[in-house]
Structure formats: C-alpha cells, structure tokens
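Data first, discussion second: the structure below is written as structure tokens.
The values are calculated or read from the model by the stated rules, or taken from the named source; none is laboratory data. Keep in mind that what you see is a predicted model, and the values were worked out from it rather than measured. Note that we place each Cβ from the backbone using ideal geometry, even for glycine, and neighbour counts take in every protein chain shown. Heavy atoms of the whole protein, side chains included, go into the accessibility calculation; ligands, DNA and RNA do not. Shrake-Rupley method; radii C 1.70, N 1.55, O 1.52, S 1.80 Å.
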Amino acid sequence: MSSTDSVLAPTRGRLKLLTLALLCIAPIVASYTLYFFFRPAAARNYGELIALVPVPEIVSGRTPAYASLKGKWVLLVTDGGACGALCKAHLWQIRQLRLTQGKEMDRITRAWLVDDDATPDQGVLKDYEGTVVLRKQDAAGLYERLGAEASRNHIFVIDPLGNLMMKFPANPDLNRVKRDISHLLKVSRIG
C-alpha cells in the first residue's frame, strides 16, 4: 500500500458517510420546503364542508325509513310535498349522482325530507323510486339539526355514521359533485 492510498482511504470513507447522510436528510428537507413554500392555493372539494352535525335517528334506525339509511352515504334534498321544478331537478340530480358511481353506487342512498304537511304526488314518487321519503314530523331531529342550513336549494351529504357533513350549492355543477362523492367513497372504508 502506497502512502497516497493510506491518505485517501479516510477521505473516501468520509465522502461515503457524507453522501449517506445527505440521502437520509434530503426527503426531510424536501418535505419542509414543499410544506412551507409550495402550499396549494385552495381546497380540492367543491361542496362546502359543514362542522359534523350528528343525526342520531339515522344511526339508531328507529323507523323503517331511517333503517334503510343506516350505514350508507346519504344524498339528501329538502323540499315540500308539492315538489316543484327545483325539487324534481334535485331528485333527478341525486339519482344521477348515485348512478354515476358505478360499482360503488350501492354504498349510496337517496333521501327526500318533506318539510311541510303536503303529501308527495304518486307520479313523482314513481319517477324517483328508490328515494327514501322522510316526513318533517317523523324526522324532526334531522330537520332541527339542519337548522339554518335547511334550505330547499342545497343537496346535503350524510356520512354512514349519521353525521351531516357536506352541502352543495344551489344549481350545482354535477361533474364537480360527482368528483367529490367519488373521492369520499374512495378514501372512506365505511358505508
């Protein structure tokens, strides 16, 4: 072994150690850089997240209508029994949103909370068969929990645990709503 090799051996060892340390530290530095300097400008979701509002009737399933909602994602519309043009549009939209989920559509159910004493027309019920009809008097707890949110303009989402958690704007962009619901179903293991 020459004297040059004996001098370079510790330098090569230090160089290998330094390279290994840099490889270990690089992901940490990169994550902090991305977190503090390259944050996304806005949220991805289209629907407005609501502070979770528990709806215990859905969890406990006290009536047959509630029992059919238990453990599923619920797309909920609120309107009167007369069901005008906006109501029919919302019923059509939630039916289509459920159908667009493909193999995941069995995880979703549709509900219509009738917020007055009018009896829904049999033709409307037939057109939107499969939609669970809830009466305000039977669903008083749900209606009270909607509170100021109980607008006939929105589509609401209730999670499988029975929490009101999201609402979509009046006249929603159905492609964006579909994307939100697909994302919820993808990341959720419940329902």
**Prompt:** Given C87, V177, P10, which one lies farthest toward the positive end of the charge dipole of the chain, if we put +1 on the Cβ of every Lys and Arg and -1 on the Cβ of every Asp and Glu?
**Reply:** P10
**Request:** For every helix of n ≥ 4 consecutive DSSP H residues, a contribution of -39,500 (n - 2.57) applies; sum these over the chain, divide by its total residues, and give [θ] at 222 nm rounded to the nearest 500 deg cm²/dmol.
**Result:** -14500 deg cm²/dmol
**Message:** So for each of 22-35, 110-123 I average, over its residues, the number of other beta carbons within 10 Å; can you give me the resulting order with the highest mean first?
**Reply:** 110-123, 22-35
**Prompt:** Protein chains only, probe 1.4 Å: how do E48, E57 rank by accessible area, largest first?
**Reply:** E48, E57
**Asked** What's the angle, to the nearest 10 degrees (0 to 90), between helix 85-99's Cα axis and the longest principal axis of the chain?
**Response** 50
**Fill in**
Singleton cysteines, the chain, no second Cys beta-carbon under 4.7 Å -> C24
**Prompt:** Hey, if we sort I94, I50 by accessible area with the 1.4 Å probe, largest down, what's the order?
**Reply:** I50, I94
**Prompt:** In nm, to one decimal, how far is the A21 label point from the N175 one, both placed 7 Å along Cα→Cβ?
**Reply:** 5.2
**Request:** Calculate, for the chain, the solvent-accessible area per residue in square angstrom, rolling a 1.4 angstrom probe over the heavy atoms of the protein chains.
**Result:** 60
**Request:** Find the lysine pairs in region 44-191 meeting two conditions, Cα atoms under 17 Å apart and a separation of 8 or more places or different chains, and report how many there are.
**Result:** 9
**Item:** Dipole magnitude of the chain about its Cα centre (Cβ charges: Lys, Arg +1; Asp, Glu -1), debye to nearest 20
**Value:** 900
**Message:** For the pair R12/S151, report the inter-label distance in nm, with labels modelled 7 Å from Cα in the Cβ direction.
**Reply:** 7.2
**Calculated SAXS-style log₁₀ I(q)/I(0) at q = 0.08, 0.11, 0.13 Å⁻¹ - the chain, Debye, Cα scatterers** = -0.39, -0.56, -0.71
**Prompt:** Where the accessible area of the chain is counted over protein heavy atoms with a 1.4 Å probe, how much of it, in %, is carbon and sulfur?
**Reply:** 60
**Fill in**
Scaled by the rule-of-thumb 2.2 N^0.38 Å, the alpha carbon Rg for region 149-191 gives a ratio of 1.20
**Asked** Based on the alpha-carbon gyration tensor of region 84-191 and its eigenvalue square roots a ≥ b ≥ c, which shape applies: rounded if a/c is under 1.5, prolate if not and a/b is larger than b/c, or oblate?
**Response** prolate
**Request:** Under a 10 Å cutoff between Cα atoms, tell me which one of L15, L91, L125 has the largest fluctuation in the Gaussian network model of the chain.
**Result:** L15
**Prompt:** Ignoring ligands and nucleic acids, what accessible area does R176 show with a 1.4 Å probe (Å², nearest 10)?
**Reply:** 100
